[in-house]
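A.B. asks: Below is a structure I'd like to ask you about.
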Amino acid sequence: MLTDKTIILGITGGIAAYKAADLASKLTQAGAKVEVVMTKSATEFISPLTFRSLTGRLVVTDMFEPASEFSIEHIALAEAADVVVIAPATANTIAKLAGGIADNILCCTVLATKAPVIVAPAMNVNMYQNSITQDNLAKLKARGFTIVGPEYGRLASGKVGLGRLAEIDKIIGTIKQVLDRNSDLSGKRIVVTAGGTQEPIDPVRHIGNRSSGKMGYAMAEAARDRGAEVKLVTAPTSLPEPAGMEVVHIKTAAEMKRAVAKAVAQADALIMAAAVADYQPKNVAKAKIKKKSPSLTLELIRTPDILAEVKGNFLKVGFAAESEDMVANAKQKLEKKKLDMIVANDITDKDSAFGSDTNKVTLISRDGKIDNLPLLTKREVADRILDKVVGLLKG
Ligand code: CTP
């Protein structure tokens, strides 16, 4: 699996940098083209010559090279990469990546790549546990980076704690897993819906809901990163438009229904993460409603049930936000809407709050299998859902 894969091995300045030699050697022996990129401080811990000898390739460092030359080289490298692995990753590098700071050759390379990025932190236990580092790692995870380790053990400071670089074999296992995942949806067409629909009352008001769209956008981005051709049908959100996919903007449930019906032609899967309004005002006032009377009654009528009504031969995945009897209610929806899988979450659980970057969900498949996932970032949840989708598509 590693044969002929281009792996950028980023090495940053920590004592565990010497362990990267073993990683470079093992990856090279497995047939990968290992392109080593070292920060200046990494070169203080271990010589670039070591990596040049182990990989048989030139090593890119922050030293001595004129910006104009290496700036072209690192872009070409970034584009050629199948995966980028940063091992060891110091707290400083993690902070730079989380903040989008590209003041060294490695961070520039990471910003310029579309390949998946694996980060293997190694640092002092207090630095690792500091909430700043934890926030930065959470940001990277939310953007789709894979974090491996650190592990518990004796650290360079003499202390014992969490902070040791993950075992090299574990890092290699993660690289294989990420490479495998990276293309497991290639050639597949996936339609994702996101956000909360808005049903107009008059020209300035609407009925809406608290959906942030984050789960749906994370789904669409994860599917894209795994090689799928993605169409995202989205209700208004405050999120930036994701790159590398077709994005259709709609407002109402009726508009979403039309857009979905069009998008699913030849689709392999429909993932309905949108929070679709169940009711819409029966009449939409043409002019702004003035506050004349002390009370106002709006008559509401049902919106179409998009997921239940959509036609076609593709996998259907629904979401169920429940405040009571989560599993039983979600199962009922799975049956009623003829779904292959439903992703249920308990909205009374603070971990599943609207707008948050994390989610705690239960996956229920048609065959009755129930998977309770732990609290994860929405991007991680998206990947776990897609792991199932890949399996179902194969079946
Ligand atoms: N859904 C849909 N069209 C609707 C309502 C919901 O396609 N008009 C989809 C949602 O996108 C979600 C799934 O159906 O994937 C379940 O949505 P949910 O709101 O939990 O269920 P409802 O069917 O609306 O039932 P209820 O609100 O009574 O729980």
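A.B. asks: Could you say whether any residue in the stretch 190-205 is closer than 30 Å to THR90 by Cβ and either part of a loop (DSSP other than H, G, I, E, B) or in contact (Cβ under 8 Å) with a residue 24 or more places away in the chain (or both)? Give the steps one after another, and end with the answer.
C.D. replies: First pass over the stretch 190-205, keeping only residues closer than 30 Å to THR90 by Cβ: none.
No, the stretch 190-205 contains no residue that is closer than 30 Å to THR90 by Cβ and either part of a loop (DSSP other than H, G, I, E, B) or in contact (Cβ under 8 Å) with a residue 24 or more places away in the chain (or both).
A.B. asks: Also: Just wondering, is there one or more residues in the stretch 312-334 that are in a loop (DSSP other than H, G, I, E, B), closer than 22 Å to THR234 by Cβ and aliphatic (A, V, I, L, M)?
C.D. replies: Quick first cut of the stretch 312-334, residues in a loop (DSSP other than H, G, I, E, B) only: 312-314, 323-325.
From what is left, the residues that are closer than 22 Å to THR234 by Cβ are 312, 314.
Subsequent filtering for residues that are aliphatic (A, V, I, L, M) retains none.
No, the conditions are met nowhere in the stretch 312-334.
A.B. asks: Considering every residue within the stretch 162-180, establish whether at least one is in a strand (DSSP E or B), within 16 Å of the ligand (Cβ to nearest atom) and crowded, with 18+ Cβ neighbours inside 10 Å. Spell out how you get there, then give the answer.
C.D. replies: Within the stretch 162-180, the subset in a strand (DSSP E or B) is 162-164.
Keeping just the survivors that are within 16 Å of the ligand (Cβ to nearest atom) gives none.
Within the stretch 162-180 (the criterion being in a strand (DSSP E or B), within 16 Å of the ligand (Cβ to nearest atom) and crowded, with 18+ Cβ neighbours inside 10 Å), the answer is no, since none of the residues qualifies.
A.B. asks: Sticking with this structure for a sec: If only one of GLY213, GLY187 is modelled with pLDDT under 95, among the small types (Gly, Ala, Ser) and within 21 Å of ALA261 (Cα to Cα), which one is it? It would help to see each step written out before you state the result.
C.D. replies: Numbers: GLY213 fails: modelled with pLDDT under 95.
Result: GLY187 is the single residue among GLY213, GLY187 that is modelled with pLDDT under 95, among the small types (Gly, Ala, Ser) and within 21 Å of ALA261 (Cα to Cα).
A.B. asks: Could you check how many residues of the stretch 297-309 are near the ligand (Cβ under 8 Å from one of its atoms) and of a type in the set (A, V, I, L, M, F, W, C)?
C.D. replies: 3
A.B. asks: Of all residues in the stretch 334-350, how many are more than 18 Å from LYS214 (Cα to Cα), within 11 Å of the ligand (Cβ to nearest atom) and in contact with a strand residue (DSSP E or B) (Cβ under 7 Å, 6 or more places away or on another chain)?
C.D. replies: Number of matching residues: 4.
A.B. asks: Which of the following residues is surrounded by fewer than 17 Cβ atoms within 10 Å (Cβ to Cβ), within 25 Å of the chain's Cα centre (by Cα) and under 25 Å from VAL178 (Cβ atoms): LEU232, LEU239?
C.D. replies: On the way: LEU232 fails: surrounded by fewer than 17 Cβ atoms within 10 Å (Cβ to Cβ).
It is LEU239.
A.B. asks: Being in the same structural domain as ASP169 (by TED's automatic domain parsing), modelled with pLDDT of 95 or more and of a type outside the set (S, T, N, Q): is that true of VAL60 here? Talk me through it step by step, then tell me what you get.
C.D. replies: Numbers: in the same structural domain as ASP169 (by TED's automatic domain parsing): yes; modelled with pLDDT of 95 or more: no; of a type outside the set (S, T, N, Q): yes.
When the stated conditions are applied, VAL60 does not pass them.
A.B. asks: Could you figure out which of (1) modelled with pLDDT under 90; (2) of a type outside the set (Phe, Trp, Tyr); (3) more than 26 Å from SER186 (Cα to Cα) isn't true of GLY395?
C.D. replies: Failed condition: (3).
A.B. asks: On the basis of being within 16 Å of the ligand (Cβ to nearest atom), at pLDDT 95 or above and buried (at least 22 other Cβ atoms within 10 Å of the Cβ), does ALA259 make the cut?
C.D. replies: The answer is no for ALA259.
A.B. asks: Please state which one of ALA320, ALA274 is within 30 Å of ASP202 (Cβ to Cβ) and near the ligand (Cβ under 8 Å from one of its atoms). Spell out how you get there, then give the answer.
C.D. replies: Numbers: ALA320 fails: within 30 Å of ASP202 (Cβ to Cβ).
Just a single option satisfies the conditions, and that option is ALA274.
A.B. asks: Here's something else I'd like to know. Looking at SER212 and the list (1) closer than 28 Å to ILE347 by Cβ; (2) within 15 Å of the chain's Cα centre (by Cα), which single condition is not satisfied?
C.D. replies: (2)
A.B. asks: Filter the stretch 121-160 down to the residues that are among the aromatic types (Phe, Trp, Tyr) and in contact with a Gly (Cβ under 9 Å, 6 or more places away or on another chain), then identify the one that is nearest to ALA382 (Cα to Cα). Break it down stepwise before answering.
C.D. replies: First pass over the stretch 121-160, keeping only residues among the aromatic types (Phe, Trp, Tyr): 128, 145, 152.
Among the residues that remain, those that are also in contact with a Gly (Cβ under 9 Å, 6 or more places away or on another chain) are: 128, 152.
Values: TYR128: 26, TYR152: 28 Å.
Restricting to residues being among the aromatic types (Phe, Trp, Tyr) and in contact with a Gly (Cβ under 9 Å, 6 or more places away or on another chain), the top hit is TYR128.
A.B. asks: Given the structure, is LEU298 assigned to a loop (DSSP other than H, G, I, E, B) and either out of contact with any Leu (no Cβ under 9 Å at 6 or more places or on another chain) or of a type in the set (A, V, I, L, M, F, W, C) (or both)?
C.D. replies: Values: assigned to a loop (DSSP other than H, G, I, E, B): yes; either out of contact with any Leu (no Cβ under 9 Å at 6 or more places or on another chain) or of a type in the set (A, V, I, L, M, F, W, C) (or both): yes.
So LEU298 fits the description; yes.
A.B. asks: Suppose we keep only residues that are free of Cβ contacts under 8 Å to residues at least 40 places away in the same chain and charged (D, E, K, R) within the stretch 206-252. Which one would you say is farthest from SER352 (Cα to Cα)?
C.D. replies: Result: GLU246.
A.B. asks: Here's something else I'd like to know. If we keep just the residues of the stretch 242-253 that are exposed (fewer than 15 other Cβ atoms within 10 Å of the Cβ) and not in a loop (DSSP other than H, G, I, E, B), which is modelled with the lowest pLDDT? Outline the logic, then answer.
C.D. replies: First, the residues of the stretch 242-253 that are exposed (fewer than 15 other Cβ atoms within 10 Å of the Cβ): 243-244, 246, 249.
Next, from what is left, pick out any that are not in a loop (DSSP other than H, G, I, E, B): 246, 249.
Numbers: GLU246: 95, HIS249: 98.
Across the stretch 242-253, the extreme among qualifying residues is GLU246.
A.B. asks: May I pose another question? Please give the number of the condition ALA353 fails out of (1) buried (at least 18 other Cβ atoms within 10 Å of the Cβ); (2) among the small types (Gly, Ala, Ser); (3) closer than 14 Å to SER212 by Cβ.
C.D. replies: (1)
A.B. asks: Quick check: anything in the stretch 319-335 at pLDDT 95 or above, under 22 Å from VAL389 (Cα atoms), over 28 Å from the mean Cα position of the chain (by Cα) and not aliphatic (A, V, I, L, M)?
C.D. replies: yes
A.B. asks: Another question about this same structure. List pairs: first residue in the stretch 274-286 and farther than 11 Å from LEU298 by Cα and part of a strand (DSSP E or B), second residue near the ligand (Cβ under 7 Å from one of its atoms) and acidic (Asp, Glu) anywhere in the structure, Cβ distance under 9 angstrom, at least six positions apart or on different chains.
C.D. replies: none
The values are calculated or read from the model by the stated rules, or taken from the named source; none is laboratory data. In this text the structure is predicted, and so the values were computed from the model without any measurement. Glycine also receives a Cβ, built like all others from the backbone with ideal geometry; neighbour counts cover every protein chain displayed.
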